[in-house]
Every structure is written in C-alpha cells, then in structure tokens.
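Each remark here refers to the structure printed beneath this line.
The values are calculated or read from the model by the stated rules, or taken from the named source; none is laboratory data. Bear in mind the structure is a predicted one, so any value in this text is a computation, not a measurement. Don't worry about glycine lacking a Cβ; one is built from the backbone with ideal geometry, like all the others, and counts go over all protein chains shown. Keep in mind that these areas ignore ligands, DNA and RNA; they rest on the heavy atoms of the full protein, side chains included. Shrake-Rupley method; radii C 1.70, N 1.55, O 1.52, S 1.80 Å.
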Amino acid sequence: MSKYYYAVAAVAAVAIPVLYHLKTREKKTQRKRKMSFTSTGLGLGSFPPEAEVKDPNINTAIYFDDCPAAEDVAESIIQPLLVYERFSQVPDLAKHIFRPSTREVKPIDLVRQIDIDGDEMLTNNTIVDTCQAKLGEGRDDLPWWEILIVRNSGSGSSACVLRVHHVIGDGLALVSAFQKILKNTKGTPIETPLTSKTSSAPKTAKKKKNPFMMFMSLIAATAHCLTLAATKHDDDTAFSKMNNPRLRHSGKRDFLIFPTIPLDFVKKIKTAAEVTINDLCMAAVSHAIYCYCKSQNDPVLESKQSKIQCRALLPVGFPRETDGPDYTESVLTNA
C-alpha cells in the first residue's frame, strides 16, 4: 500500500509543476503587451480638444503614372504587415494595450480608393484634404493605419499614400517593419545601414529585475540628483568630446525669468528695421550666446575676435517657389 502512495506522490510531484508551467505559459501568451507612456500620449493627444491639433499621423505618398490595383496593394503591402501586433490590432488607450479588433480584419479593408479626373494639383489637394481624416475614429474598429489610393484618370499622376498613426511606432520601428515589403528589382529585401542594425523580429519579454537592485538604483539616482548642483560637471551629453564625456562649468547655476516682451513692440522693431520676426528672434538668440561666451571668457571667442560668427537655429517652414505649383500645405503636413 505504501508503494502505491509513493507512486501517486511521485506522479503528483512531476505533474503539478508541469501543469503549472503550461498554465502560466498559456497566460503569458494571452497577455497583451502594454503601451509605453509615449505611445499612450500620442494616442490621447498632448493638446486640449479646443486647440484642434491634428493627429500625429505619418503620411508617405508615392506617385505613379499607372496606379496599382487595390487588390495588389492589399496582397503585397497590407498582408505582410499584418503579422505585427500593432498593425493588426487596435489601440485601447484606457487600458494602455493593443487589443484584437471586434471584427475580422481583411487586408482589403485597410485600402481606401478615391477616383478623380484632373491635373497634378488636384491629386495633391485630394491627398491633403483626405489625410486630415482621423485614423482612430469612424472606421469600424480597424487598426489605425491604411493605404489611400488616389487614382487620377486625367493628366495628373495617381498616388498611393501610406497613412500610419504615430501610436503604432516611431520612424526607426516603421523602417524596420517596412523591410517586409521593400524589395529591389531582384526580389530580395533592401538592406540599409539603418535597417541592418534594427531587427524586425518581435521583441522578447524583458527579464524581471531584482527589487533590491531596483531600490538601490533609486537611492543612487536620488543622491545623484540632489548633489548635481554642487558638482563641477554636468550630466553626460552628446555634445562632449570623445575623450572628455563630462562638460565642465563654473559651478554657478542661476535660474532666470525673462520679462515678457509685447508682440506690438517686436512688430515695431521689425517694421523699422525692415526685417522679419524670424530675423529678430535669430539675432536675439545669437547675440545672447555671444554675450554669454564673452562673459565666460570663452577661449574660442577670444582667439577669433571679430572673425567669429554666432548663429542660432530656428524651425522655419519654407514654401516652394511662387512660380511653380503651390504645394505648401502638403509640405507642412508631411503629406
């Protein structure tokens, strides 16, 4: 009888861990991947609704003399990308996850076609107007991306526009994923320095960190933040020299609040000097850099004297030439 109990106990000792392992593995495979803080923010939007800021969509247009058929686009582009979770599922921003769609998602469902008859300007205007539509609303629970086909039967070119909401991924991730569809004339994948360093394979789960080590890292980081103002070095920056990764400074840190300058006053200076507001901003920033370097006895400034030039960089949108087609809207909206 005792042998019977020993046998049952031995079987149970083996069976219970095996069943537990299979059960937990099943739960892990069903577990939905959490969104990052950045992805959730891109989906919800960083501005209030009254600001009427457009969704952060990435729009890429390719022009054709002979536009491909919707079925060919669905088979050659949509189908390969649906293997990725973020391309085949729908963002659930309340739970910070990507969930399966409540409907069956077919490749052709993510292709939208508009037929027009006109010149090149009509093609571009159609793209700009259509790309204002939201990818996360009114699409019957489809994933937040699509391919828009603008078929022009007139004198203008046709176009295929790949529209992807930024919540799906950033530029590096999308380039890596697009290797699934980018091929050269021989049919082999296109290799680039960027895509060769980034793997398009799904990411594996990270190892669970030791709570004790995480606590010690928190203490060390807190101490670093509290003592940073008293040290003679800034944090590591990308602007440091290779052999000196930490920039030195005087040890004095000041918090400055600049007074508000009325816009009417700036406009009066602009009109009197016959320049633009951008010119004024660049001149002000450039002169501020010069004065700071001079007050710090900067060796480069002292050696160059009047030959040195301080420049400031500001983001400015430049429209195309006035004597050509006006594609300013399409340029500024990344269409």
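Once fully extended, how much extra length lies between Val175 and Thr276, figured as 0.36 nm per residue of separation less the alpha-carbon to alpha-carbon distance?
32.5 nm
Nearest 0.05, what FRET efficiency do Ile219 and Ser286 give at R0 = 45 Å with Cβ-Cβ as r?
According to the calculation, E is roughly 0.55.
Taking the Cα-to-Cβ direction at Phe212 and at Leu226 and moving 7 Å from each Cα, how far apart do the two end points lie in nm?
The modelled label-to-label distance comes out at 2.3 nm.
Highest first, please rank the peptides 46-53, 99-106 by the mean number of other Cβ atoms sitting within 10 Å of their residues.
Ranked from most to least packed, the peptides come out as 99-106, 46-53.
Which order, highest average first, do 215-224, 161-170, 135-144 follow once you tally other Cβ atoms within 10 Å for each residue and take the mean per peptide?
161-170, 135-144, 215-224
Quickly work out the Ala133-to-Phe265 label distance, labels modelled 7 Å from Cα along the C-beta direction, and quote it in nm with one decimal.
For Phe265 paired with Ala133, the spin-label model returns 4.9 nm.
Can you list residues whose amide H is under 5 Å from Ile149's amide H, if they're 5+ apart or on another chain and H is modeled 1.01 Å from N?
HN-HN under 5 Å from Ile149: Arg112, Gln113, Ile114, Val161.
Are there trypsin sites (Lys or Arg not before Pro) in segment 30-89 that DSSP marks as loop and that have at most 14 other Cβ atoms within 10 Å, and which are they?
Qualifying residues, ordered by number: Arg31, Lys32, Arg33, Lys54.
Before I look further, what does segment 30-98 give for accessible area per residue, probe 1.4 Å, in whole square angstrom?
Heavy-atom accessible area per residue stands at 65 Å².
Take Ile97, project a point 7 Å from its Cα along the Cβ direction, then tell me which residues of segment 138-175 have their backbone nitrogen under 11 Å from it.
None, by backbone N distance to the label point.
What list of ³J(HN,Hα) couplings, whole Hz, do you get for segment 151-164 from phi and the Karplus terms 6.51, -1.76, 1.60, once you set θ to phi - 60° and write x for glycine and proline?
These are the phi-based 3J(HN,Hα) values: 9, 9, 8, x, 7, x, 6, 8, 8, 10, 10, 8, 10, 10 Hz.
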